Amino acid sequence: MARVLLGVTGGIAAYKAAELARLLVKAGHEVTPILTDEAETFVSAKTFEALARREAPRALYPHLVQADLLVIAPLSANTLAKLAHGLADNVLAQTALAFEGPVLAAPAMNPRMWAHAATRANVAKLRERGVVLVGPDEGEMAEGEWGVGRMSEPEEVFTRVEAVLARLHQLEGKRVLVSAGGTREPLDAVRFIGNRSSGRMGVALAEEARLRGAEVTLVAAYLAVPPPGKVELVGAPTAAELEREMLARSDADIVLMAAAVADYRPEEQSAGKRPKNAEPWTMTLEPTGDVLAQLGARRRDGQLLIGFAADHGDTGLARAREKLAAKRSDLIVFNDVSRDDIGFDAAENEVVLVSAVGERRIRKAPKERIASEILDEIVKLVSK
Ligand SMILES: Cc1cc2nc3c(=O)[nH]c(=O)nc-3n(C[C@H](O)[C@H](O)[C@H](O)COP(=O)(O)O)c2cc1C
């Protein structure tokens, strides 16, 4: 049983919060609903009181200090902006500002509101502070428009709430080192050889490890997504820098090598910007260091090493199996890059977890969910 503060803001999706409240209460949690005035123009506070099987508390403070989690669903663009800027002009905003525990929110708004630069910046701020965002999903809006902005279904939000609650202390005392993003190998002062990695998977893993109580360091090459909050962030734009930064921290308890590190880099870099002319530009690419193999070679007793393999189809999976032993890893996360709906630069992924005890396929899901499944597997390995 957990104590959950359930914030509800004003939007069409407020009705979905009633179902979420029902699911939480059914699962045995104590739910304290906090509706904004705007939310009450869509749904009645009485509905939530009845579902929570308790009246709205007169004094919120005792609930605030005892609560395990603050959930805000739906989260309006307006309240999202308030949270990002620390405004406290209603009870929900005050609660969010005063609450010290984990916060999970399910934004819901018109796709253009979601895509607006102001909202993007506000979302980035919340993520930096460690707020877990579920959705929004792509689909048809109540007003008939199509796009990203629908609140995730109550069952999905509920699953994520349960995941956050179950995992709050699982990795307490553990130091977790994660690499993420794609490296860029300079050709000259402005050009580079890169890859399509967005860093989303590594960022999700770092966030998930932190949510489970670990002390997390994220060694980041180029990220197309904001880094998570409350983790130590180390920039490592090239393969050589990433190698150096990872090896310097290789005594961590759990090491996740999720970055897409260039396998080759230009042997020589032109000074300045090579001027454009009619001549071909020929260069030799030399192999970069194998970071995972080096981490494997120096691994200590009790340490867990997780590698990632981005490869094609069944032959790629076979290579991932070989990689497990060759790189002295405990787990290889295989990612099929022959599909363009998952993996590199996509919001979703489908992976196969390859370990000495067998293989497990994790069906297509948002990368945050995949990260959660990978961490479940790691927790099992830690407790062995
Ligand atoms: C019919 C209707 C539907 C709305 N739906 C949304 C919505 O889905 N998301 C959103 O951010 N705002 C929506 N709004 C605007 C918010 O209700 C408005 O910004 C309000 O100030 C939010 O207040 P709150 O964040 O304190 O709950 C809607 C407004 C109306 C009239």
Quiz item: Within the stretch 110-130, which residues are outside any helix (DSSP H, G or I), open to solvent by 20 Å² or more (accessible area, probe 1.4 Å) and more than 15 Å from the ligand (Cβ to nearest atom)?
Solution: Arg129
Quiz item: Any idea which of Leu211, Leu242 is open to solvent by less than 60 Å² (accessible area, probe 1.4 Å) and within 13 Å of the chain's Cα centre (by Cα)?
Solution: Leu211
Self-check item: Of residues in the stretch 88-109 being open to solvent by 40 Å² or more (accessible area, probe 1.4 Å) and not in a loop (DSSP other than H, G, I, E, B), the one farthest from the ligand (Cβ to nearest atom)
Solution: Ala98
Quiz prompt | Those residues of the stretch 20-46 which are within 16 Å of the ligand (Cβ to nearest atom) and not aliphatic (A, V, I, L, M), in sequence order | solution = Pro33, Thr36, Asp37, Glu38, Glu40, Thr41, Phe42, Ser44
Quiz item: Pairs under 9 Å by beta carbon, first residue assigned by TED's automatic domain parsing to the domain that holds Asp340 in the stretch 191-216, partner modelled with pLDDT under 90 and of a type in the set (Ser, Thr, Tyr), six or more apart or different chains?
Solution: Arg191/Ser270; Ala204/Ser372; Glu208/Ser372; Leu211/Ser372
Quiz item: Which condition does Val161 not pass, out of (1) at pLDDT below 90; (2) surrounded by 15 or more Cβ atoms within 10 Å (Cβ to Cβ), if it passes all the others?
Solution: (1)
Practice problem: Restricting attention to the stretch 273-294, report how many residues are open to solvent by less than 60 Å² (accessible area, probe 1.4 Å) and modelled with pLDDT of 95 or more. | Solution: 7
Self-check item: Members of the stretch 324-350 that are among the β-branched types (Val, Ile, Thr) and within 10 Å of Phe308 (Cα to Cα)
Solution: Ile332, Val333
Quiz item: With respect to the numbered conditions (1) at positive phi; (2) part of a helix (DSSP H, G or I); (3) not β-branched (Val, Ile, Thr), which one is the sole condition not fulfilled by Gly28?
Solution: (2)
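The values are calculated or read from the model by the stated rules, or taken from the named source; none is laboratory data. Because the structure is a prediction, the values reported are computed rather than measured. Note: ideal-geometry Cβ built from the backbone for every residue, glycine included; neighbour counts use all protein chains shown. All accessible areas refer to the heavy atoms of the entire protein, side chains included, with ligands and DNA or RNA removed. Shrake-Rupley method; radii C 1.70, N 1.55, O 1.52, S 1.80 Å.
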